[in-house]
Amino acid sequence: MEFFREYLVVGSMVVLVAGLILFFVPHSLREFGLRDAALGRLSPEGAYKGAFSLVSLLGLGLVIWGKSLAPFVMVWEPVFELRWISHYVMMPVFCLVMAGVGRNSLTRMVTRHPMLIGVFLWAAAHVWVNGDLASMLLFGSFALWSAVKIFSLWEPPDFRDFRKSMLVQDFLYLATGSLLYFAVFVFHGELFGVGLAL
């Protein structure tokens with residue numbers, strides 16, 4: 001039985017790490033200076049985008065599979081009384097993701113890459129409340145990757161293109177993001193197998 005457990009731990013970690021590598025490599029080509037070379041080899045651009053999406057989706061699938069297989073191996077024990085901090089960290093996440101998907105908003109103009117900031121906050125909030133090995137690998141790697149991307153892609157905001165209509169978009173992102181946050185909070189147990197409580 002102990003051998004089987006060790007085999008399951010190692011096997012699930014291999015699947016999880018392989019998935020993370022497949023997901024992060026195409027998303028980090030710019031940082032490694034390989035994006036132009038990949039575009040040159042996979043021309044036209046549609047071929048590059050197709051390969052990018054295929055490898056990323058394969059990696060994401062392996063990440064989900066590896067995480068679902070992984071047994072609980074405690075690395076550190078989160079402070080139960082402070083778990084509420086993660087709820088507040090998560091509150092802006094969906095608003096930032098909506099701003100990242102959309103365009104022409106003040107949020108996007110100021111933050112430049114709101115989706116990456118949302119991913120970082122999502123990952124950090126989940127690292128805070130999950131101390132097992134698989135969660136540390138999953139959420140810790142996403143936190144590190146998004147932080148690197150935020151700094152590598154950062155540019156000072158340019159307010160010359162600001163229009164008042166952008167504030168309407170910000171309000172829509174705030175409203176839809178808040179509704180999504182509330183829905184995920186309520187149905188987190190049904191969606192991910194772990195119920196949330198304040």
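Quick test of the membrane-span-like rule: which DSSP H helices of the chain reach at least 18 Å along their long axis (C-alpha atoms) with mean Kyte hydropathy at least 1.0?
2-27, 114-129, 133-152, 165-192
At 222 nm, what helix-only mean residue ellipticity would the chain give, in deg cm²/dmol to the nearest 500, using -39500 (n - 2.57) for each DSSP H run of four or more?
After summing the helix terms and dividing by the residues of the chain, the value is -24000 deg cm²/dmol.
Hey, what's the Kirkwood Rh for the stretch 58-150 if you take every pair of different alpha carbons, in angstrom?
14.2 Å
With only Lys, Arg, Asp and Glu charged, each at its Cβ (+1 for the first two, -1 for the last two), find how big the charge dipole of the stretch 101-198 is about the Cα centre; round to the nearest 20 debye.
380 debye
So if I restrict to the alpha-carbon atoms in the stretch 1-107, what is the Rg, and what is Dmax, the biggest pairwise distance, in Å?
19.0, 57
So, with +1 on the Cβ of K and R and -1 on the Cβ of D and E, and no other charges, what is the size of the charge dipole of the stretch 1-71 about its Cα centre, to the nearest 20 debye?
Numbers: 6 positive and 5 negative charges, 33 e Å.
Taking the Cα centre of the stretch 1-71 as origin, the dipole is about 160 debye.
Among all the aspartates and glutamates, which ones have a C-alpha under 18 Å from Lys49's C-alpha, if same-chain residues fewer than 8 places away are not counted?
Filter leaves Glu31, Asp36.
No value in this document is a laboratory result; all are computed from the given coordinates. On a predicted model such as this, the values are computed, not experimentally measured, just so you know. Quick reminder, even Gly has a Cβ in these numbers, built from the backbone with ideal geometry, and neighbours come from all protein chains shown.
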